[in-house]
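The values are calculated or read from the model by the stated rules, or taken from the named source; none is laboratory data. Keep in mind that this is a model prediction, so the values were computed, not measured. Neighbour counts are summed over all protein chains in view; Cβ atoms, including those assigned to glycine, are modelled from backbone coordinates with ideal geometry. Remember, those area values only see protein heavy atoms, side chains included, never the ligands or the DNA or RNA. Shrake-Rupley method; radii C 1.70, N 1.55, O 1.52, S 1.80 Å.
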Amino acid sequence: MARAAGRGRCRKGAGHQKISVQAVRIPDPLILGAGPAGCAAAIELARAGAEPLLLDRNEEVGDPLCGGFMSWRTLAQLDAMGVHTGSLGGQKVDHLRIFAHGREAHTPLPQPALGLSRHALDCAMRKAAVASGARLEIDTIRSLSDGCLHGQERDWQADCVFLASGKHDIRGQARPRTASDPALGLRIRLPASTERTALIGSAIELHLFTGGYAGIVLQEGGSCNICLALRKSALADGGGDPVSLLAWVASRNRHFAQRLGNDWKNSRIETIGAVPYGWIAQETATGLYRLGDQAAVIPSLAGEGMSIAVASGRMAARYWLRDGADGAPAYQRAFAARAYPPVQMAKAVRTLGETWLGSEAALMLSAISPALVSHLAERCRISMDSAD
Ligand SMILES: Cc1cc2nc3c(=O)[nH]c(=O)nc-3n(C[C@H](O)[C@H](O)[C@H](O)COP(=O)(O)OP(=O)(O)OC[C@H]3O[C@@H](n4cnc5c(N)ncnc54)[C@H](O)[C@@H]3O)c2cc1C
């Protein structure tokens, strides 16, 4: 195993009242972000005898905005790492139901999947990382440059950083945002109800509308996760704010309205802006491994983001164990090549699904050739690495 030498503490960021420390020596990777990507890397590194440090801004695990659909590939990877999701109370998902233009079609999934909240998953992964020997510290990192992370509490210096801050960019390492009509995410989690349980059952539902889609799945205890990904222009068409948008989508899609029910206005709506769907990090500097959404952002319609996150964390750990900080550029190139096929396929599916004609085609295809839809769903998955 390669072990990089620590370089001690870096210059304090201006304007923060920070803890005074003699030195922050971090010889093994400093992993920024304890989401699926960061935790997967921490587990693999710690089990191989390294001493990774996981840094996250949240002491309490929240319930991050996500569709909550865990693909069979995500489940297989977690299983291989000894993170067993079977006991977490998720709901089995075995078919895909597509809605568009007031009609529906359904098709079996290639393999069983799971509806599980990110709270349950992230808690399990953090627990597994710490049990494996990773250290967890809490700090909000404001910027990253030359191996120095400027935190709210203190500065951290490492010879090797695993950047796994997910949907949130860190100053100095932001991903480019070039879309003229950027993608937004919105999530509302509704309590269990017999109506929704009967309607949704063991399906992952995609309700397609012009400019976006809503993904609906049941999770622990029968609660219902409704997650929309849409263009900014569709938000404007729908009234410009989350509540008006949900009401607007419901007014035009009766199946969606049935699932939303009448109790949704009591639930919190979360949003995220400018998701750089399709972006892939092709290169990186020595000592900076990019993981998860910081490595590749697959359109969420595919439900494969968590799988990509876990795959990148595991692969980065393997490269670091072999080549240390020097392995980062080769890892990034290899991971980009691995992520490219599913990301491209998901981009094509998303582009089609957002248009009137494309959503009509998706419906027809599901009705006449479920096998082809199943094949397309498989093509949106990240390949298993020979070492997985
Ligand atoms: C609308 C939408 C729906 C989606 N639905 C699905 C789905 O159904 N299935 C699926 O597989 N994928 C889905 N995804 C994708 C999935 O959510 C991501 O790909 C996945 O969360 C990436 O994991 P990660 O570990 O890279 O990042 P994250 O899960 O974002 O974790 C990042 C971690 O870093 C921490 N962090 C961030 N910034 C800082 C900071 N400055 N300082 C300290 N800590 C920090 C955060 O607290 C967090 O714990 C969806 C994405 C969107 C946008």
Exercise for the section: Would you mind checking the tilt of helix 370-379 against the longest principal axis of the Cα atoms of the chain, expressed as 0 to 90 degrees and rounded to 10? Expected result: 20
Handout entry: the range 159-301 - charge dipole about Cα centre, Lys and Arg +1 at Cβ, Asp and Glu -1, debye rounded to 20
Key = 240
Exercise for the section: Would you tell me the accessible area of Asp326, worked out with a 1.4 angstrom probe on the heavy atoms of the protein chains, in Å² to the nearest 10? Expected result: 120
Problem - Mean shadow area of the range 229-273, taken as a quarter of the surface of its Cα convex hull (nm²) - result: 3.2
Handout entry: For the range 283-388, size of Cβ-based charge dipole, Lys and Arg +1, Asp and Glu -1, in debye
Key = 120
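Roughly how big is the chain's charge dipole about its Cα centre, with Cβ charges of +1 (Lys, Arg) and -1 (Asp, Glu), in debye to the nearest 20?
Computed charge dipole of the chain: roughly 420 debye.
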Exercise for the section: With a 1.4 Å probe and every protein chain left in place, tell me how much accessible area Leu365 has, in Å² to the nearest 10. Expected result: 50
Handout entry: Along each principal axis, Cα extent of the range 41-161, largest first, Å
Key = 55, 33, 25
Problem - Positive-end residue of Ser223, Gly240, Leu45, charge dipole of the chain with Cβ unit charges - result: Gly240
Fill in the blank from the handout: Of the residues Thr140, Met125, Ser165, the Cα lying farthest along the dipole of the range 119-174 towards its positive end, which is defined by charges on the beta carbon of Lys, Arg, Asp and Glu, belongs to Met125
Problem - Tail fraction, Cα-Cα pairs, the chain, threshold 36 Å, whole percent - result: 23
Practice task
Find which of Ala339, Leu321, Ala309 sits farthest along the positive direction of the dipole of the range 302-388, computed with +1 on the beta-carbon of Lys and Arg, -1 on that of Asp and Glu, about the Cα centre.
Solution key: Leu321
Exercise for the section: Return the carbon/sulfur percentage of the accessible area of the range 251-388, one whole number, probe 1.4 Å, all protein chains in place. Expected result: 56
